Amino acid sequence: MMLKVYAMIGDCPALSMSLNHNSHGGYYCCWYCKVKGKHIYKKRQYYYNINRAIRDSFNFASDSREAARLQTKVNGRLGISLFEKILDIPLPKSVIADYLHVTLLCHSKAICLYLYNNVMKLAERKQLDQRMLRQQFPHFFNRKVRLFSEGYHKATETRNFLLYCALPMLQTSLGSERLAHFALFAVGIRLLHGRRVFDDTTADRAHELLTTFYCDHETFYIGKQNFVLHLHEHFAQLYKDHGSLCNINTFSQE
């Protein structure tokens, strides 16, 4: 019997360890490109760079072998991954950043809490809380939305808010420019979440929205240019290579 190993998926720490790659939050920590990052605000920030060098199977393998030979980091590579000979698709094409962790548990929650705690006034927060409490969902939704004043948000709760509730609920709480910027992210993720609503151009349209969101991010969220934000720049390619986000995630393992 021949066993095929298609790809590997996980959160950032797990993927970095499995790939023998520099940890998330370090220099050159991206598995898909060679963005370096800058040390600002006592942490690493990854600003949008249209000229970043993309990793392919050749330079990924070359850097891995060079790092193993020299026993030092080479463009973020620490050496050869044990999975290199197991996977049927060459690295890094076979690496899938988990949308559950990257988008829902990390970046979506971070920017929603930023807006709730740092941008919205007390009256606006109370109004949003009431809207979230009154929101009804079809019976097949496993979870409703949890208030941002509460802790321990589940990925499904964040997903339901981002994809179905955020834009109508926030339209009276945020200024037009800030709401429009948030909409770039929400709509971009929504396009990549399901079927190809714009046929072969779906991924490209989502990529344009997400890169615009990324490019202008520092204007609306100070000090939030972290690695998980950067990974969204590669989501359109993941969509083209592996399918929609609703099908490539770790919800079944959570």
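Taking every residue in the stretch 89-118 that is touching a residue at least 40 places away in the same chain (Cβ under 8 Å) and of a type in the set (Lys, Arg) and pairing it with any residue that is assigned to a helix (DSSP H, G or I) and surrounded by fewer than 23 Cβ atoms within 10 Å (Cβ to Cβ), at least 6 positions away or on another chain, the pairs with Cβ-Cβ distances below 7 Å are 93/57; 93/241. Only residues that are closer than 12 Å to residue 21 by Cα and among the basic types (Lys, Arg) were counted in the stretch 37-93, giving 2.
Of all residues in the stretch 30-55, those satisfying the criterion of being under 16 Å from the mean Cα position of the chain (by Cα) and within 18 Å of residue 94 (Cβ to Cβ) are 30, 31, 32, 33.
Of the residues making up the stretch 57-74, just one is out of contact with any strand residue (DSSP E or B) (no Cβ under 7 Å at 6 or more places or on another chain) and buried (at least 20 other Cβ atoms within 10 Å of the Cβ), namely 60.
The rows are residues; the columns are (1) under 15 Å from the mean Cα position of the chain (by Cα); (2) among the charged types (D, E, K, R).
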{"position": "160", "(1), (2)": "no, no"}
{"position": "170", "(1), (2)": "no, no"}
{"position": "179", "(1), (2)": "no, no"}
{"position": "184", "(1), (2)": "yes, no"}
{"position": "189", "(1), (2)": "yes, no"}
{"position": "204", "(1), (2)": "no, yes"}
{"position": "211", "(1), (2)": "yes, no"}
{"position": "216", "(1), (2)": "no, yes"}
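The residues on offer are 78, 3, and the sole one that is outside the structural domain of residue 222 (by TED's automatic domain parsing) and either of a type outside the set (A, V, I, L, M, F, W, C) or within 25 Å of residue 249 (Cβ to Cβ) (or both) is 3.
When you check residue 123 against the structure, is it under 26 Å from residue 188 (Cβ atoms) and either in the same structural domain as residue 170 (by TED's automatic domain parsing) or at pLDDT 95 or above (or both), yes or no? Quick ask: steps written out before the conclusion?
Values: under 26 Å from residue 188 (Cβ atoms): no; either in the same structural domain as residue 170 (by TED's automatic domain parsing) or at pLDDT 95 or above (or both): yes.
It is false that residue 123 is under 26 Å from residue 188 (Cβ atoms) and either in the same structural domain as residue 170 (by TED's automatic domain parsing) or at pLDDT 95 or above (or both).
Pairing residues of the stretch 1-22 that are over 21 Å from residue 103 (Cα atoms) with residues that are exposed (fewer than 13 other Cβ atoms within 10 Å of the Cβ), at Cβ distances under 6 Å and at least 6 apart in sequence or on separate chains, gives 4/88; 5/86; 5/88. Scanning for something surrounded by fewer than 15 Cβ atoms within 10 Å (Cβ to Cβ) and assigned by TED's automatic domain parsing to the domain that holds residue 67, does the stretch 87-101 turn up at least one residue? Checked against the condition, which is being surrounded by fewer than 15 Cβ atoms within 10 Å (Cβ to Cβ) and assigned by TED's automatic domain parsing to the domain that holds residue 67, the stretch 87-101 yields at least one hit. Filter the stretch 87-120 for residues that are in contact with a strand residue (DSSP E or B) (Cβ under 8 Å, 6 or more places away or on another chain) and assigned to a loop (DSSP other than H, G, I, E, B); which is nearest to residue 57 (Cα to Cα)? In this case the residue turns out to be 94. Note on the stretch 144-169: residues that are more than 11 Å from residue 105 (Cβ to Cβ), surrounded by 20 or more Cβ atoms within 10 Å (Cβ to Cβ) and not aromatic (Phe, Trp, Tyr) total 4. Number of residues in the stretch 138-176 that are among the hydroxyl-bearing types (Ser, Thr, Tyr), out of contact with any Cys (no Cβ under 8 Å at 6 or more places or on another chain) and part of a helix (DSSP H, G or I) equals 3.
The values are calculated or read from the model by the stated rules, or taken from the named source; none is laboratory data. This is a predicted model, so every value here is computed, not measured. Here the Cβ is made from the backbone with ideal geometry for all residues, glycine too, and neighbour counts use every protein chain on show.
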